[in-house]
Amino acid sequence: MKLKIKANAYLKGLIIVSKPHLWLGWAEKHARFFANTISLSRWVDAQDKAVFNDYYTSKRDNTKREHLYQHIVDSYELNKSPFQYLEFGVSEGHSFRWWLSHIDNKETTFHGFDTFEGLPEDWGFFSKGAMSSSIPQVEDTRATFYKGLFQDTLYPFIKRGDLKTECRKVIHMDADIFSATIFTLTTLAPYINKGDIILFDEFNVPNHEYSAYKIFTESFYVKLRTIGSVNNYYQTAFIVE
Ligand SMILES: C[S@@+](CC[C@H](N)C(=O)[O-])C[C@H]1O[C@@H](n2cnc3c(N)ncnc32)[C@H](O)[C@@H]1O
């Protein structure tokens, strides 16, 4: 055992002094992608296919996400009692408006967070600044928007007491990128309760939302049960158990 530990430490030392980042740095992202894809594949394989989903479909159709939203609203009777809807990544407000127009409970409140200056970093084929938009104009007084990085707006939101811990939360993650997703989930972790719903818009992207989901659930021992998905788990919803 001791010998194994020594050999392991020696080998690690050798690898680090040989500066692999200089000759293997190009492989870092690909290796992470490969590992996360294997993990995602295991996750998909373990899913109960009887739960609302369309796996496997050869065509991605973004309008299907609204069927998922409706399924959640109906299954959890979200129109019957008030909840807090928190959307991270609002852009022009397509998904935000859907939720606003399909929930008529007057006490439900809607909170949309975004830089409104686009992505704060590159994401796949999208460059920093992509998806920039102006704050959506909505008449509904139940809606509030918070302009800025989540990293700057979420703590003040919580400190002001605007996050209502006693009522159900629907947390809609649509920021696309890993950093924003992991930041938001870990910041909200102490306030997440049994019965809250967490919805991802790009769940099956291995190095981004999937990776954030994996790290979050494994680090906080949060148990999330899948309640529906569309587009081969691109959009996936969970309930906190
Ligand atoms: C895909 S768009 C949202 C689309 C919208 N939910 C819809 O369905 O119409 C992603 C948004 O996330 C925002 N975003 C990503 N990371 C962010 C961060 N750290 N802070 C604030 N906004 C962020 C970007 O500005 C962008 O508008």
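The values are calculated or read from the model by the stated rules, or taken from the named source; none is laboratory data. All figures in this text were calculated on a predicted structure; none of them were measured in a lab. FYI the Cβ positions are ideal-geometry reconstructions off the backbone, even for glycines, and counts take in every protein chain you see. Remember, those area values only see protein heavy atoms, side chains included, never the ligands or the DNA or RNA. Shrake-Rupley method; radii C 1.70, N 1.55, O 1.52, S 1.80 Å.
Points to keep in mind about this one:
- Leading residue by the ranking (farthest from His172 (Cα to Cα)) among those in the stretch 194-231 that are open to solvent by 10 Å² or more (accessible area, probe 1.4 Å) and part of a loop (DSSP other than H, G, I, E, B): Tyr221
- Filter result (in contact with a strand residue (DSSP E or B) (Cβ under 9 Å, 6 or more places away or on another chain) and within 12 Å of the ligand (Cβ to nearest atom)) within the stretch 184-204: Thr184, Leu199, Phe200, Asp201, Glu202
- Taking each residue of the stretch 64-91 that is on the phi > 0 side of the Ramachandran plot and looking for partners that are aliphatic (A, V, I, L, M) with beta-carbon atoms closer than 8 Å, six or more apart or interchain, yields Gly89/Met173; Gly89/Ala175; Gly89/Ala180; Ser91/Met131.
- Lone unmet requirement of (1) out of contact with any Lys or Arg (no Cβ under 8 Å at 6 or more places or on another chain); (2) under 22 Å from Tyr76 (Cα atoms) for Ile197: (1)
- Total residues in the stretch 181-193 satisfying the condition of being open to solvent by 30 Å² or more (accessible area, probe 1.4 Å) and not in a helix (DSSP H, G or I): the figure is 1.
- Selection count where residues are at pLDDT below 95 and open to solvent by less than 40 Å² (accessible area, probe 1.4 Å), scope the stretch 134-180: 1
- Taken as a whole, the stretch 67-85 holds at least one residue that is open to solvent by 50 Å² or more (accessible area, probe 1.4 Å), among the aromatic types (Phe, Trp, Tyr) and assigned to a loop (DSSP other than H, G, I, E, B).
- Members of the stretch 6-34 that are farther than 30 Å from Tyr210 by Cβ, open to solvent by 100 Å² or more (accessible area, probe 1.4 Å) and assigned to a helix (DSSP H, G or I): Lys6, Tyr10, Val17
- Residue in the stretch 130-145 that is out of contact with any Cys (no Cβ under 7 Å at 6 or more places or on another chain), within 30 Å of His30 (Cβ to Cβ) and not in a loop (DSSP other than H, G, I, E, B) present: no
- Matching residues, the stretch 85-122, being of a type in the set (Gly, Ala, Ser) and either closer than 16 Å to Ile177 by Cβ or within 10 Å of the ligand (Cβ to nearest atom) (or both): Gly89, Ser91, Gly93, Ser95, Gly112, Gly118
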